[in-house]
Amino acid sequence: MAPKISPVTGHYVDVDVADVTYQVFYLHNGTGIPLLCQHTAGCHNHQYRNLLRDPAVTERFQVIAYDLPYHGKSDPPNGEQWWTRQYDLTAEFFQEFVVNFARTLELDRPVFMGSSMGGVVALHLARDHSEKFRALIALEAADYTPGFYLDWWHHPAVEDGSVAASVIEGLIAPQTSELDRRLTMHYYAQAAPGVLKGDLYFYSVEHDMRETVSEIDTSKVPLYLLTGEYDYLSTPTQTIATAEKIVGAKVETMCEIGHFPMSENHDTFMTYLRPILDEIAERHKEP
Amino acid sequence: MAALDHPLLERLRDAMPNDPEMQIVGKFMRCDVLLSSGDKRYLLRFDHGRLTEIVEDPHPALAWNFALKAGPGTWERFLQDPPPPEFHDVWAAAWLGHLTLEGDIKVFMQNHFAFWRTLKLLRIQAQATSGAAA
Amino acid sequence: MTALHEPVTGRYVYVPHGGHEYRIYYEEAGDGIPLVCLHTAGTDAREWRHQLNDADITSHYRVIAFDMPRHGKSIPPVGFEREEYRLTATFYSEFVMAFCDALELERPVVMGSSMGGNICLHIALNFEEKIRALIAIEACDHSPGWYISWLEHPHVHGGEACATSVYGLMAPQSPDEYRWETWWYYAQGGPGIFKGDLYFYSVDHDFRKLNEKITGNVPLYLMTGVYDFACTPEMTEATAQKIKGAESIIMEEIGHFPMSENPVTFKRYLMPVLETIRGVGSGGGA
Amino acid sequence: MTTFDSRWMNSWMDTVNSDLVMPRIGRYFTAGFLLGIGDEEWVVSMQRGQIERITDNLSIETPWSFALRAPRESWEKFVQKIPPPMYNDIWAMAHPLHGRLRMDGDVKVLWQNIRALTWMLACMRQVGDREVVEQRATRV
């Protein structure tokens, strides 16, 4: 009988950032409005495995989930002595990468959705690159999320994979299925040394938009903020407080969901995401 | 509502050797942990994926590597299934001020996965009995 | 300017085996004789990225490299947390064949390195009628000494210990960049994955009494680099002498990961073998 | 032919302590280890990835947690710019199949610091590139 092959397809594409070429791995499925999906710190694009296979989404959106350089199958860049340097993700690199990746694939004002550090970069993009996106969906984001840039994430006397997996499990809602819980943990056990910590340099050290988040102009780009009630890194109250500083931002707290909505509980997450996608698709039809 | 008490810790001790995951991840588990609930203090000695000793109100001279200190209310919420937000995980509770994690944090991190599984078993035991009692 | 894409496509195929349905990620390029590539212990199919992008190979072969379960983008089976991961010869050889069946490959060539090379011996013994040829890289009948507890220990950084333990397996002549890229793959394996694979590589794999049972009906090429101290050239040659029709090829200035540590040098030794297999070559290796 | 004397050790120490990568990957490497070169033994005391001291004057004052002991010939091949097969890595030499180097003592500390240790041992191959004038080994 014919092989049972998933419609989800992967490719490698060259993306230039600050005149270094990165070979970027991405998965995609579906047709319509491009929907860029950014994974959380130290992880990779399998967090969007269910979104990539949900016909309700892929019949209207071209879902594109990529691995940020240094993550998953996006290897460190050729021709760089990366092994002699410490990896610390910066806002500048992160934003330029997202913009260049979208331009390289010639996407027409894609929707950008990111979680945790991906949600935080969505706020940066809303402030600095509003004209390049059709809508921004910031999951588990707030204007200031300090305190998680810890040495324990990259310590020679501490087993990195099992620590990362069991620490982030505390950010997953208890109502999550055992399968989705264990997969979310497994992905976190696959990061290279220092990558989780380096991502959190951006998330917990460099990122501070307490004074500038109010500059976001939602008339230029709609901004949606969704945070799970079990997220203790950027709690619902922090997200709501952030949204209140942004005129026109839409915010909602997700019940029975933690810090990884798309990977923990697709069905529950969709009850919050579908109305947003409907609104985006509706606005897309207007001239 | 289940509380953190001696009988519950004894049920944990009996459950650990029979949990397949505990026996895998606990192979190198070796730490002495102080749990406190209000003024009740328990020193737990873990070795090779087993809870080898429970000392109630341990003598101050007894050493421990790291401690988890919280009020009874925090532990009662932590032991519920599902536990309410902010009380569902030691990192969350410590992060938001409901619990204090102190001592040799390196030993905590070196036994992290095994200790995470231990706390899961603690909640399972708490529900197994209080469920029956309710 | 249009995006510069590699001519490589990745897909997920569902492979039924032993009561489980494994969601396996694989990458492929080219068309012709199927050439199934097996990665080394603890890593994933990226080790074959140079061959997947080499038109000299993909113009005659349909190169397919897949991630074993638990490796790379092939997720672990349900309930993986309740069992200690130990790869065995039986599971490994049967799974490789189950993958070939799932893609309905017609008598593929199987090329594997390290554990992927050792399993070629088991495939030659048990599945010869389903295979066109076998290229066993860095392989021999017995390779003890690697099943080490420090490779999965809560007090030792798994990524750094696993990756650094294999760095010396690569030749000093191999480009720094490719050696560190290989190091990177080893640093990303999940806890216990490298060690679990090594259970097969150094404990379960003992082919010393089975060498003479191979019929020799399927061409078998054993290729080993001089810097490989896990499976030295002598160990490979000794194995080849005991297997009917086996040919050993020793590669200079290269180590345990020819395909990823030095694809250019490896190609010099590989192309003659690939040409022989598809019936145009001038006989055995270089 | 390399003579592993105190001049050589000082040159190696300078190379390691001026390396830009060691402070980062070795920041938790604080321990003593023994280098056995034939029948000569040196203790290398590490402090946060820097060599604090190398001495061949062993005593109660020179503790070590693990030892790397090998015949002189193994080390001479190991320190060549392009080492021959089987001698390009301490694990290559120590692997049970070969036994050209013995890892002794608390080897957990060795595996915990294997990245920094491997990097600093590779710096041995740069010794000789740098001329070292004065002697600094504490030879009492």
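The values are calculated or read from the model by the stated rules, or taken from the named source; none is laboratory data. In this text the structure is predicted, and so the values were computed from the model without any measurement. Note that each Cβ is placed from the backbone with ideal geometry, even for glycine, and that neighbours are counted across all protein chains shown. Surface areas here come from the heavy atoms of the whole protein model, side chains and all, with no ligands, DNA or RNA. Shrake-Rupley method; radii C 1.70, N 1.55, O 1.52, S 1.80 Å.
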- Regarding C:GLU27, is this residue at pLDDT 95 or above, at the interface with another protein chain (Cβ under 10 Å from one of its Cβ atoms) and under 15 Å from the mean Cα position of the chain (by Cα)? yes
- Task: For residues that are under 25 Å from A:TRP82 (Cα atoms), open to solvent by 40 Å² or more (accessible area, probe 1.4 Å) and of a type in the set (Val, Ile, Thr), tally how many sit in the stretch A:1-46.
- Result: 1
- Message: Looking at the stretch A:53-74, can you tell me whether even one residue there is within 17 Å of A:MET262 (Cα to Cα), in contact with a Ser or Thr (Cβ under 6 Å, 6 or more places away or on another chain) and away from chain C (no Cβ under 12 Å)?
- Response: yes
- Message: Given (1) more than 21 Å from A:CYS43 (Cβ to Cβ); (2) touching a Lys or Arg at 6+ places or on another chain (Cβ under 9 Å); (3) buried (at least 24 other Cβ atoms within 10 Å of the Cβ), identify the lone condition not met by C:ALA163.
- Response: (1)
- Out of curiosity, is A:LEU183 away from chain B (no Cβ under 11 Å), in a helix (DSSP H, G or I) and closer than 30 Å to C:LYS195 by Cβ? yes
- Message: Among the residues of the stretch A:254-268, what is the count of those that are open to solvent by 50 Å² or more (accessible area, probe 1.4 Å) and closer than 14 Å to A:THR227 by Cβ?
- Response: 2
- Item | Tally of residues being touching a Phe, Trp or Tyr at 6+ places or on another chain (Cβ under 8 Å), under 16 Å from C:GLN188 (Cα atoms) and either open to solvent by 10 Å² or more (accessible area, probe 1.4 Å) or more than 10 Å from every other protein chain (Cβ to nearest Cβ) (or both) across the stretch A:195-206 | 3
- Message: With the requirement that a residue be of a type in the set (Ser, Thr, Tyr) and closer than 15 Å to A:TYR22 by Cα, what does the stretch A:56-86 give you?
- Response: A:TYR66, A:TYR70, A:SER74
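Which of the residues spanning the stretch B:79-103 are more than 8 Å from chain A (Cβ to nearest Cβ) and either touching a Leu at 6+ places or on another chain (Cβ under 7 Å) or under 21 Å from A:GLU178 (Cβ atoms) (or both)?
Listed by number, the residues that qualify are B:LEU79, B:GLN80, B:PRO84, B:PHE87, B:ALA93, B:ALA94, B:LEU99, B:LEU101.
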- Restricting attention to the stretch C:202-217, which residues are more than 13 Å from every other protein chain (Cβ to nearest Cβ) and not hydrophobic (A, V, I, L, M, F, W, C)? C:ASP204, C:HIS205, C:ASP206, C:ARG208, C:LYS209, C:ASN211, C:GLU212, C:LYS213, C:THR215, C:GLY216, C:ASN217
- So, of the residues in the stretch B:76-127 that are of a type in the set (S, T, N, Q) and not in a helix (DSSP H, G or I), which turns out to be nearest to A:GLU256 (Cα to Cα)? B:GLN80
- Those residues that are of a type in the set (A, V, I, L, M, F, W, C) and either over 19 Å from the mean Cα position of the chain (by Cα) or facing another protein chain (nearest Cβ under 7 Å) (or both), I need them from the stretch A:9-24; list them, please. A:VAL13, A:ALA18, A:VAL20
- Filtering the stretch A:57-113 for residues that are out of contact with any Leu (no Cβ under 9 Å at 6 or more places or on another chain), among the polar types (S, T, N, Q) and in a loop (DSSP other than H, G, I, E, B) leaves a count of 4
- Query: Can you find a residue in the stretch C:50-71 that is facing chain A (nearest Cβ under 8 Å) and within 19 Å of the chain's Cα centre (by Cα)?
  - Reply: no
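Please work out if D:ALA122 is open to solvent by less than 30 Å² (accessible area, probe 1.4 Å), within 13 Å of the chain's Cα centre (by Cα), at pLDDT 95 or above and of a type in the set (Gly, Ala, Ser). Before you say what the answer is, go through the steps one by one.
On the way: open to solvent by less than 30 Å² (accessible area, probe 1.4 Å): no; within 13 Å of the chain's Cα centre (by Cα): yes; at pLDDT 95 or above: yes; of a type in the set (Gly, Ala, Ser): yes.
No.
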- Mind checking which residues of the stretch D:5-53 are over 26 Å from C:HIS157 (Cβ atoms), of a type in the set (A, V, I, L, M, F, W, C) and open to solvent by 10 Å² or more (accessible area, probe 1.4 Å)? D:TRP8
- Which of (1) open to solvent by 10 Å² or more (accessible area, probe 1.4 Å); (2) not in a helix (DSSP H, G or I) does C:ALA238 not meet, given it meets every other one? (2)
- In the stretch C:260-273, what residues are buried (at least 23 other Cβ atoms within 10 Å of the Cβ) and either modelled with pLDDT under 95 or not acidic (Asp, Glu) (or both)? C:SER260, C:ASN262, C:PHE266, C:LEU270
- Of the candidates C:GLY189, C:GLY279, the one satisfying the condition of being open to solvent by 10 Å² or more (accessible area, probe 1.4 Å) and closer than 22 Å to C:LEU87 by Cα is C:GLY189
- Residues of the stretch A:105-129 being over 21 Å from A:THR227 (Cα atoms) and open to solvent by 10 Å² or more (accessible area, probe 1.4 Å), in sequence order, are A:LEU105, A:GLU106, A:LEU107, A:ASP108, A:ARG109, A:ASP128, A:HIS129
- State which residue is surrounded by the most Cβ atoms within 10 Å (Cβ to Cβ) when the search covers only the stretch A:75-97 and only residues that are farther than 20 Å from A:ASP14 by Cβ and within 10 Å of chain C (Cβ to nearest Cβ). A:TRP83
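Evaluate the following for A:ALA157: is it open to solvent by less than 30 Å² (accessible area, probe 1.4 Å) and touching a residue at least 40 places away in the same chain (Cβ under 8 Å)? Steps first, please.
Details: open to solvent by less than 30 Å² (accessible area, probe 1.4 Å): yes; touching a residue at least 40 places away in the same chain (Cβ under 8 Å): no.
No; evaluated as a whole, the condition is false for this residue.
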- Could you list all residues from the stretch C:127-151 that are over 30 Å from D:MET103 (Cβ atoms) and either surrounded by fewer than 17 Cβ atoms within 10 Å (Cβ to Cβ) or touching a Gly at 6+ places or on another chain (Cβ under 8 Å) (or both)? C:GLU128, C:GLU129, C:LYS130, C:ILE135, C:ALA136
